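Participant: Handing you this structure, nothing more for now.
The values are calculated or read from the model by the stated rules, or taken from the named source; none is laboratory data. Note that the structure is predicted; figures quoted are calculated from it, not measured. All Cβ positions, glycine included, derive from the backbone under ideal geometry; neighbour counts span all protein chains shown. Ligands, DNA and RNA are stripped out before the accessible areas are found, and what is left, the full protein with its side chains, is counted by its heavy atoms. Shrake-Rupley method; radii C 1.70, N 1.55, O 1.52, S 1.80 Å.
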Amino acid sequence: MPKTTFCFSGLGWRACLLALCLVHLHAAHAQAPAPARPPAGKAAFYTNVYPNLFREAGYRQADIDKKVAQAYHDVFEGPNKVYFEVGDSMAYVSDVKNEDARTEGLSYGMMVAVQLNKKQVFDRLWRWSKKYLQHQRGPLEGYFAWSFNPATMKRNSEGPASDGELYFVTSLLFAANRWGNATGIDYYREARRILDASWEKDGTGGVYNLFNTKAKQISFVPTGDMYTWTDPSYHVPAFLEVWAEYAKDGHEQFYRDCADTSRVFLHRACAAPTGLNYDYTEFSGQPHATRWAPPAFRYDSWRVPMNLAMDYVWFGKDRRWQQQYAQRFQGFLRRKGVNTFEDQFNVDGSRPEFILPAGKVKKLRHSLGLVATSAAASLMRPAPPQLDFVHALWNAKLAPYDDGYFDPYYDGLLYLFSLMHLSGKYQAIKPQTH
């Protein structure tokens, strides 16, 4: 007897129809093809697929996870950590060699925490930053004092540095997307407070928007004449695309315009055959001399290749130029020796006469921070990639140099960020279901 006839005779027609539907549903499910891989060239923000260059370089996923976890432990928990808890609910990140806590480090720490889903660490850092650094009234209301002395519990400076606010806002928006706003801190509200306060600043008292609204570029400092020039390492177009998606403050088009302007600006700032850029520039990309150092590629500049790689992976709106930049930049360092290149240059590639000290130490060295970000630049590669910089980072150690110098703060955070980028663990965090 055919199965269909048996079904009608033994179960009744309604039950039989239900059974037939279930049979066909199961068959259709069993035969459904696996989801197609995202089309080549699509950016990760749209595909949710982030490259893992360590896997491409032949390392096992378990070892990659272990390396990232070890780097986090070394920076946040180990004997040379830069993260220090205060009481039951707060913590700060210290630039230990300069003996201060900076908005740079605190906001970086928050970005690490939200990326690695460490909510308690994030909340501690935010509470400390809000209590001790954020101005609650006056012309600077909403902005943060960029440097604080944890020993004296006093601010070294009242003024802000625009990159701190850039990372605070982005990490808070990611926290709102990852954890929601009903778990003790309204992350979205805190992000909006910074942004809304910025938009209220029109130059009164010499205090301005974080972005020079005429140039549509982030300022070095949103106060006084420092509002009229910039720092190429503050140009993180991927973050501004995130603001346009999630800030929802009515300035979405401005943020997208600023992201596009940053991409064009970086073409000019990184125009040298070496790919190198000055630490500080005019909005034109031309060098801006400061009272503390003549123009050159120095510590701030290390972040530029990592920021460009992030934009390449997340949004992919300038890929052709970014690939060409990475080839110039890594090609120059490769000629200097992948395992020997130094950490400060004139943009033509020559050695600078003036060496900017790191803390109290004035010396050129093969610094881990630049080793890390130069490896992150490998993400901007046409296939097949050259992975020599990736292997060099894998083999590098967050440990004292031969001369005893050690920087677990700046070297350590750039090392951790770059490991996260290269392993696909640094992502544009989208809203979760809460």
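Participant: Among the listed residues Arg124, Arg137, which satisfies the condition of being among the basic types (Lys, Arg), in contact with an Asp or Glu (Cβ under 7 Å, 6 or more places away or on another chain), more than 14 Å from Gly164 (Cα to Cα) and modelled with pLDDT of 95 or more? Before the answer, list the steps.
Facilitator: On the way: Arg137 fails: in contact with an Asp or Glu (Cβ under 7 Å, 6 or more places away or on another chain).
Residue meeting the stated conditions: Arg124.
Participant: Which residue is surrounded by the fewest Cβ atoms within 10 Å (Cβ to Cβ), if the candidates are limited to the range 403-429 and must be of a type in the set (Ser, Thr, Tyr) and closer than 19 Å to Tyr59 by Cβ? Walk me through it before giving the result.
Facilitator: Within the range 403-429, the first condition is being of a type in the set (Ser, Thr, Tyr), and the residues that meet it are 405, 409-410, 415, 418, 423, 426.
In the following step, the residues that additionally are closer than 19 Å to Tyr59 by Cβ were identified as 415, 418, 423, 426.
On the way: Tyr415: 25, Ser418: 30, Ser423: 20, Tyr426: 25.
Only one residue fits best here, namely Ser423.
Participant: Those residues that are more than 26 Å from Leu333 (Cβ to Cβ) and open to solvent by less than 60 Å² (accessible area, probe 1.4 Å), I need them from the range 253-283; list them, please.
Facilitator: Within the range 253-283, Phe254, Tyr255, Asp257, Cys258, Ala259, Thr261, Phe283 qualify.
Participant: Across the range 179-194, what is the total count of residues that are aromatic (Phe, Trp, Tyr) and exposed (fewer than 15 other Cβ atoms within 10 Å of the Cβ)? Before you say what the answer is, go through the steps one by one.
Facilitator: Filtering the range 179-194 down to residues aromatic (Phe, Trp, Tyr) leaves 179, 187-188.
Add one more test, that the residue is exposed (fewer than 15 other Cβ atoms within 10 Å of the Cβ), and what stays is none.
Qualifying residue count for the region: 0.
Participant: Among the residues in the range 137-151, are any touching a helix residue (DSSP H, G or I) at 6+ places or on another chain (Cβ under 7 Å), assigned to a loop (DSSP other than H, G, I, E, B) and of a type in the set (Ser, Thr, Tyr)? Outline the logic, then answer.
Facilitator: First pass over the range 137-151, keeping only residues touching a helix residue (DSSP H, G or I) at 6+ places or on another chain (Cβ under 7 Å): 139, 141-144, 146, 148.
Add one more test, that the residue is assigned to a loop (DSSP other than H, G, I, E, B), and what stays is 139, 141-143, 146.
Now drop any that are not of a type in the set (Ser, Thr, Tyr), which leaves 143.
Yes, that holds for at least one residue.
Participant: Okay, moving on. Which of the residues spanning the range 347-402 are polar (S, T, N, Q) and surrounded by fewer than 18 Cβ atoms within 10 Å (Cβ to Cβ)?
Facilitator: Ser350, Gln386, Asn395
Participant: Something else: Considering (1) out of contact with any Ser or Thr (no Cβ under 9 Å at 6 or more places or on another chain); (2) at positive phi, say which one Gly206 fails and leave the rest.
Facilitator: All conditions are met except number (1).
Participant: Take Ser423 and tell me if it is of a type in the set (S, T, N, Q) and closer than 30 Å to Asn181 by Cβ.
Facilitator: Values: of a type in the set (S, T, N, Q): yes; closer than 30 Å to Asn181 by Cβ: yes.
So Ser423 fits the description; yes.
Participant: Quick one: Gln330 ticks every box in (1) open to solvent by 40 Å² or more (accessible area, probe 1.4 Å); (2) touching a residue at least 12 places away in the same chain (Cβ under 8 Å); (3) over 15 Å from Asp279 (Cβ atoms); (4) of a type in the set (S, T, N, Q) bar one, so which box is it?
Facilitator: All conditions pass for Gln330, except number (1).
Participant: Given the options Arg178, Arg155, name the one that is out of contact with any Cys (no Cβ under 7 Å at 6 or more places or on another chain) and in contact (Cβ under 8 Å) with a residue 60 or more places away in the chain. Walk me through it before giving the result.
Facilitator: Details: Arg155 fails: in contact (Cβ under 8 Å) with a residue 60 or more places away in the chain.
Being out of contact with any Cys (no Cβ under 7 Å at 6 or more places or on another chain) and in contact (Cβ under 8 Å) with a residue 60 or more places away in the chain holds for just one of Arg178, Arg155, which is Arg178.
Participant: Show the residue pairs meeting these rules: Cβ distance below 8 Å; 6+ apart or different chains; first residue within the range 117-135 and assigned to a helix (DSSP H, G or I); second residue surrounded by fewer than 17 Cβ atoms within 10 Å (Cβ to Cβ) and among the β-branched types (Val, Ile, Thr).
Facilitator: From residues that are assigned to a helix (DSSP H, G or I), the pairs are Lys119/Thr183; Arg124/Val86; Trp128/Val86.
Participant: Here's another thing I want to ask about it. Tell me, which helices (runs of 4 or more DSSP H) wholly within the range 1-97 include 1 or more residues that are of a type in the set (Val, Ile, Thr) and modelled with pLDDT of 95 or more? Spell out the reasoning first.
Facilitator: Working: elements: 3-11, 13-31, 44-47, 53-56, 61-76.
Where helices (runs of 4 or more DSSP H) fall fully within the range 1-97 and carry at least 1 residues being of a type in the set (Val, Ile, Thr) and modelled with pLDDT of 95 or more, they are 44-47, 61-76.
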